[in-house]
Amino acid sequence: MIKKILISQPKPSSDKSPYYDIAEDLGVELVFRPFFQVEGLSAKEFRQQKINLLDYSAVVFTSRHAIDNYFKLAKEMRVTIPETMKYFCVIETIALYIQKYVQYRKRKVFFGNSGKIDSLLPTMVKHKDENYLVPQSSAHNEMLKTMLDNSKLKHKECIMYRTISSDLTAEEKKSFDYDMLVFFSPTGVRALKKNLPDFEQGDIKIAAFGPATAKEVVAQGFRLDLEAPSSKYPSMTGALRAYLEEQNGK
């Protein structure tokens, strides 16, 4: 029976988060505790990469952090993003988040359906004349760059934010008694191993969002029990609800 779940993300700012519905409907306790924090680069640091935001006609967003830091840097550098800018997002939930900064128009916001770059590539290829900027974390791999190269798209990757470890306190380590752990990045998985080097999974379930996170779970020697997104469940909340209903009985 899964009763206590660690969600390795900050607590949702909205009371209407689907996580709260899961907790109430299924009688589970959710603890929001990120293993790392995201810190945006300053305008001064970003300028060292010698990238002019206005040299690009489209932006590829793989996370909300990328969106937040793209518009934050534009504001800091007093760059006005033109209304003609096009946005390509790996999944609809990220695409909708753009509304926080610009008016959402379907003709300039495009998204994939799996949360992976693969499902977004065909749309990007249809817009092959665009010059794509790809904001990334300091902790990233070359997979995305390789895929864009192979698709013969004009693109440039840049660092806009970094991840900083947020270690567990001695008290948190002592009372680490979860039935399930939910990870959203490879960094979070590695942080678990760093904070609890003697951690043994046993009956504890582990969920991962995104292929890179899932791969890291296995690489660290853990058993992966739930992976999202999938064609059936594009969000972690959807996948988690279905998994808990199956495990705990409706």
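Each value in this text was obtained by applying a stated rule to the coordinates, not by laboratory testing. Here the structure is a predicted model, which means the values were calculated and not measured. Virtual Cβ from ideal backbone geometry, glycine too; neighbours counted across all protein chains shown.
Okay, here's what the table says:
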item: Cβ-based net charge around residue 23, under 14 Å, with every Lys or Arg adding one and every Asp or Glu removing one; result: -2
item: Computed magnitude of the charge dipole of the chain (debye, nearest 20; Cβ of K, R +1, Cβ of D, E -1); result: 1120
item: Label of the coordinate-derived value, Rg and Dmax of the Cα atoms in Å, listed as (i) 20.3, 65; (ii) 17.6, 53; (iii) 19.1, 55; result: (iii)
item: Residues with amide H under 5 Å from that of residue 157, placed H, sequence gap 5 or more; result: 134
item: For region 200-250 and region 150-186, distance of Cα centres in Å; result: 15
item: For region 97-242, alpha-carbon Rg and Dmax in angstrom; result: 18.1, 55
item: Cα lying deepest toward the dipole's positive end in region 89-235, options 104, 231, 204, charges on Cβ; result: 104
item: Principal-axis tilt of helix 236-248 within the chain, Cα atoms, nearest 10 degrees; result: 20
item: Positive-pole candidate from 77, 46, 148, dipole of region 39-163, charges at beta carbon; result: 77
item: Computed magnitude of the charge dipole of region 116-224 (debye, nearest 20; Cβ of K, R +1, Cβ of D, E -1); result: 500
item: The chain: calculated mean residue ellipticity at 222 nm from DSSP helix runs of at least 4, using -39500 (n - 2.57); result: -10000 deg cm²/dmol
